[in-house]
Amino acid sequence: MSISFIRVDDRMIHGQTCTRWSLEYPCDGLIAVNDRAATNPVLKAAYKNASEKKTFVWTLEDWRKKCGKVLASKDRYFLITKDPITMKQILVDDGFDPGEVKTVVIGPCNDRPNATKLGNNQSITQEEADALEAMMQKGYEVEFALIKEAAIGNWKKFRSQFGY
(Lines give C-alpha, C1' and ligand atoms only; values in the text may rest on other atoms or scores of the structure.)
Protein backbone atom coordinates (compact mmCIF):
# COMPACT_ATOMS: atom_id res chain seq x y z
CA MET A 1 0.00 0.00 0.00
CA SER A 2 1.59 3.25 -1.04
CA ILE A 3 -1.18 5.77 -0.28
CA SER A 4 -2.34 5.45 3.33
CA PHE A 5 -4.43 8.63 3.63
CA ILE A 6 -6.02 11.18 1.28
CA ARG A 7 -6.68 14.71 2.53
CA VAL A 8 -7.73 18.09 1.27
CA ASP A 9 -6.42 20.82 3.57
CA ASP A 10 -5.96 24.47 2.67
CA ARG A 11 -2.89 24.57 4.93
CA MET A 12 -1.61 21.34 3.32
CA ILE A 13 1.21 20.33 5.69
CA HIS A 14 1.13 21.31 9.35
CA GLY A 15 1.43 19.71 12.75
CA GLN A 16 -2.11 18.38 12.86
CA THR A 17 -1.67 16.57 9.56
CA CYS A 18 1.73 15.21 10.43
CA THR A 19 1.18 14.15 14.02
CA ARG A 20 -2.49 13.56 14.69
CA TRP A 21 -3.52 11.90 11.43
CA SER A 22 -0.37 9.79 11.19
CA LEU A 23 -1.42 8.10 14.44
CA GLU A 24 -4.60 6.92 12.68
CA TYR A 25 -3.01 6.27 9.30
CA PRO A 26 0.70 5.44 9.52
CA CYS A 27 2.87 6.99 6.86
CA ASP A 28 6.49 7.27 5.87
CA GLY A 29 6.11 10.49 3.96
CA LEU A 30 3.87 13.25 2.64
CA ILE A 31 3.09 14.26 -0.92
CA ALA A 32 1.52 17.69 -1.35
CA VAL A 33 0.25 18.53 -4.82
CA ASN A 34 -0.10 22.27 -5.42
CA ASP A 35 1.27 24.19 -8.37
CA ARG A 36 1.78 27.46 -6.47
CA ALA A 37 3.66 25.89 -3.56
CA ALA A 38 5.75 23.64 -5.79
CA THR A 39 6.93 26.55 -7.95
CA ASN A 40 7.63 28.99 -5.09
CA PRO A 41 10.97 28.12 -3.45
CA VAL A 42 10.07 29.81 -0.14
CA LEU A 43 6.69 28.06 0.15
CA LYS A 44 8.15 24.75 -0.96
CA ALA A 45 10.90 24.94 1.66
CA ALA A 46 8.41 25.91 4.38
CA TYR A 47 6.20 22.90 3.62
CA LYS A 48 9.14 20.52 3.39
CA ASN A 49 10.42 21.73 6.76
CA ALA A 50 7.00 21.48 8.45
CA SER A 51 7.42 17.76 8.99
CA GLU A 52 10.13 15.39 10.07
CA LYS A 53 8.78 12.92 7.52
CA LYS A 54 9.98 12.58 3.94
CA THR A 55 8.06 15.37 2.18
CA PHE A 56 7.50 16.11 -1.50
CA VAL A 57 5.82 19.22 -2.85
CA TRP A 58 4.89 18.70 -6.49
CA THR A 59 2.98 20.43 -9.24
CA LEU A 60 0.01 18.54 -10.64
CA GLU A 61 2.11 17.78 -13.70
CA ASP A 62 4.94 16.41 -11.51
CA TRP A 63 2.39 14.22 -9.73
CA ARG A 64 1.13 12.88 -13.04
CA LYS A 65 4.68 11.94 -14.04
CA LYS A 66 5.62 10.37 -10.69
CA CYS A 67 2.41 8.79 -9.36
CA GLY A 68 3.30 5.39 -10.81
CA LYS A 69 6.50 5.39 -8.76
CA VAL A 70 4.48 6.30 -5.68
CA LEU A 71 2.17 3.33 -6.26
CA ALA A 72 5.14 1.02 -6.74
CA SER A 73 6.84 2.25 -3.57
CA LYS A 74 6.97 0.20 -0.40
CA ASP A 75 6.65 3.44 1.57
CA ARG A 76 3.27 4.75 2.68
CA TYR A 77 2.36 8.32 1.80
CA PHE A 78 -0.30 10.84 2.62
CA LEU A 79 -1.65 12.42 -0.57
CA ILE A 80 -2.63 16.02 0.17
CA THR A 81 -4.01 18.82 -1.98
CA LYS A 82 -4.89 22.35 -0.97
CA ASP A 83 -8.34 22.21 -2.56
CA PRO A 84 -10.99 19.69 -3.63
CA ILE A 85 -10.67 20.69 -7.29
CA THR A 86 -7.08 19.44 -7.56
CA MET A 87 -7.98 16.25 -5.70
CA LYS A 88 -10.85 15.68 -8.16
CA GLN A 89 -8.40 16.12 -11.06
CA ILE A 90 -6.20 13.39 -9.56
CA LEU A 91 -8.88 10.90 -8.49
CA VAL A 92 -11.61 11.43 -11.07
CA ASP A 93 -10.26 13.19 -14.17
CA ASP A 94 -6.91 11.35 -14.20
CA GLY A 95 -8.39 8.13 -12.79
CA PHE A 96 -5.62 7.64 -10.23
CA ASP A 97 -6.42 4.56 -8.16
CA PRO A 98 -5.00 4.83 -4.64
CA GLY A 99 -5.73 1.17 -3.91
CA GLU A 100 -7.49 0.36 -0.67
CA VAL A 101 -7.99 3.96 0.43
CA LYS A 102 -11.46 5.09 -0.64
CA THR A 103 -12.03 7.95 1.81
CA VAL A 104 -11.11 11.57 1.13
CA VAL A 105 -10.87 13.57 4.36
CA ILE A 106 -11.66 17.26 4.01
CA GLY A 107 -9.78 19.34 6.55
CA PRO A 108 -9.60 23.10 6.94
CA CYS A 109 -11.21 25.12 4.16
CA ASN A 110 -11.23 28.77 5.17
CA ASP A 111 -14.29 30.98 5.05
CA ARG A 112 -14.22 32.93 1.78
CA PRO A 113 -16.61 34.99 -0.31
CA ASN A 114 -19.14 32.75 -2.11
CA ALA A 115 -18.36 29.81 0.20
CA THR A 116 -20.98 28.01 2.27
CA LYS A 117 -19.97 27.37 5.87
CA LEU A 118 -20.50 23.72 6.81
CA GLY A 119 -18.65 23.74 10.12
CA ASN A 120 -15.84 25.36 12.04
CA ASN A 121 -13.18 26.35 9.46
CA GLN A 122 -14.90 24.20 6.84
CA SER A 123 -16.45 26.23 4.05
CA ILE A 124 -16.73 25.26 0.39
CA THR A 125 -17.70 26.96 -2.85
CA GLN A 126 -20.07 25.57 -5.45
CA GLU A 127 -17.12 24.64 -7.68
CA GLU A 128 -15.55 22.72 -4.78
CA ALA A 129 -18.92 21.08 -4.06
CA ASP A 130 -19.03 19.94 -7.70
CA ALA A 131 -15.58 18.36 -7.20
CA LEU A 132 -16.71 16.60 -4.01
CA GLU A 133 -19.82 15.30 -5.75
CA ALA A 134 -17.69 13.94 -8.60
CA MET A 135 -15.44 12.13 -6.12
CA MET A 136 -18.47 10.65 -4.36
CA GLN A 137 -19.93 9.54 -7.69
CA LYS A 138 -16.58 7.86 -8.45
CA GLY A 139 -16.99 5.77 -5.29
CA TYR A 140 -15.12 7.76 -2.65
CA GLU A 141 -16.45 8.52 0.81
CA VAL A 142 -15.94 12.22 1.50
CA GLU A 143 -15.64 13.00 5.21
CA PHE A 144 -15.32 16.44 6.81
CA ALA A 145 -12.92 16.31 9.76
CA LEU A 146 -10.31 18.73 11.03
CA ILE A 147 -9.33 15.87 13.34
CA LYS A 148 -11.00 12.48 13.53
CA GLU A 149 -12.73 13.19 16.85
CA ALA A 150 -14.22 16.43 15.50
CA ALA A 151 -15.71 15.06 12.27
CA ILE A 152 -18.87 16.92 11.21
CA GLY A 153 -20.13 14.36 8.72
CA ASN A 154 -20.06 12.85 5.29
CA TRP A 155 -20.60 14.79 2.04
CA LYS A 156 -24.02 13.08 1.77
CA LYS A 157 -25.14 15.18 4.76
CA PHE A 158 -24.29 18.49 3.03
CA ARG A 159 -24.74 17.91 -0.69
CA SER A 160 -28.37 19.09 -0.83
CA GLN A 161 -27.14 22.59 0.08
CA PHE A 162 -25.39 22.63 -3.31
CA GLY A 163 -28.20 21.32 -5.51
CA TYR A 164 -27.50 17.57 -5.32
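A rounded overall shape is assigned to the stretch 4-161, the ratio a/c of its alpha-carbon gyration tensor axes (a ≥ b ≥ c) being less than 1.5. Principal axis extents of the C-alpha atoms in the stretch 94-159 (largest first, rounded to whole Å): 33, 27, 18. Maximal additional length on extending the Asn121-Ser160 stretch stands at 12.1 nm, based on 0.36 nm per residue less the C-alpha distance. Amide H contacts of Ile106: Val8, Glu143, Phe144, Ala145, each under 5 Å away and 5 or more positions distant or on a separate chain (H built 1.01 Å from N in the peptide plane; Pro and chain starts excluded).
Computed from Cα atoms, the angle from the helix 60-72 axis to the main principal axis of the chain rounds to 70 degrees. Residues of the stretch 138-164 with an amide N closer than 12 Å to a point placed 7 Å from the Cα of Arg20 along the Cα-to-Cβ direction: 145-152. Computed over the chain, the per-residue total of -39500 (n - 2.57) for DSSP H runs of n ≥ 4 gives a 222 nm mean residue ellipticity of -8000 deg cm²/dmol, rounded to 500.
For the chain, what does the accessible surface come to per residue with a 1.4 Å probe? Please give it in Å². Write down the numbers at each step before the final one.
Working: 7770 Å² over 164 residues.
Per residue, the chain has an accessible area of 47 Å².
Treating the angle as unsigned and between 0 and 90°, give the value, to the nearest 10°, between the Cα long axis of helix 126-137 and the longest Cα principal axis of the chain. The two axes meet at around 80 degrees.
Between Arg36 and Asp97, the simple spin-label model (points 7 angstrom out along Cα→Cβ) gives 3.4 nm. Using θ = phi - 60° in the Karplus curve 6.51 cos²θ - 1.76 cosθ + 1.60, the 3J(HN,Hα) couplings for the stretch 111-120 round to 5, 9, x, 6, 10, 9, 7, 9, x, 4 Hz; x is entered for Gly and Pro.
Over the stretch 110-156, calculate the relative contact order: mean separation of alpha carbon pairs under 8 Å at least 6 apart, over the residue count, as a percent. Display every interim value, and only then the final one.
Values: 47 pairs, mean separation 11.0, N = 47.
Once normalised by length, the contact order is 23 percent.
From the alpha carbon centroid of the stretch 1-56 to that of the stretch 86-162 is 18 Å.
According to the Kirkwood relation over distinct C-alpha pairs, the hydrodynamic radius of the stretch 78-117 is 11.7 Å.
Of all beta bridges that DSSP places with both ends in the stretch 88-164, some 55 percent have antiparallel geometry. Remark: C-alpha extents of the stretch 1-83 on the principal axes read 29, 28, 21 Å, sorted largest to smallest. Around the Cα centre of the chain, unit charges on the Cβ atoms of Lys, Arg, Asp and Glu (plus for the first two, minus for the last two) sum to a dipole of about 320 debye. Beta bridges per DSSP, both residues in the chain: antiparallel share near 20 percent.
Under the rule that an exposed site lies in a DSSP loop and has at most 13 other Cβ atoms within 10 Å, name the longest stretch of the chain with no GluC sites (Glu not before Pro) of that kind, not counting the sites themselves.
Values: sites that count: Glu52, Glu100.
Segment 101-164 is the longest.
Relative contact order of the stretch 1-147: 32 percent, from C-alpha pairs under 8 Å at least 6 residues apart in sequence.
The values are calculated or read from the model by the stated rules, or taken from the named source; none is laboratory data. Given the structure is predicted, the values throughout are model-derived calculations rather than measurements. Please note: Cβ atoms are built from the backbone with ideal geometry, for glycine as well, and neighbour counts cover all protein chains shown. Quick note on the areas: whole protein, heavy atoms, side chains included, nothing else; ligands and nucleic acids left out. Shrake-Rupley method; radii C 1.70, N 1.55, O 1.52, S 1.80 Å.
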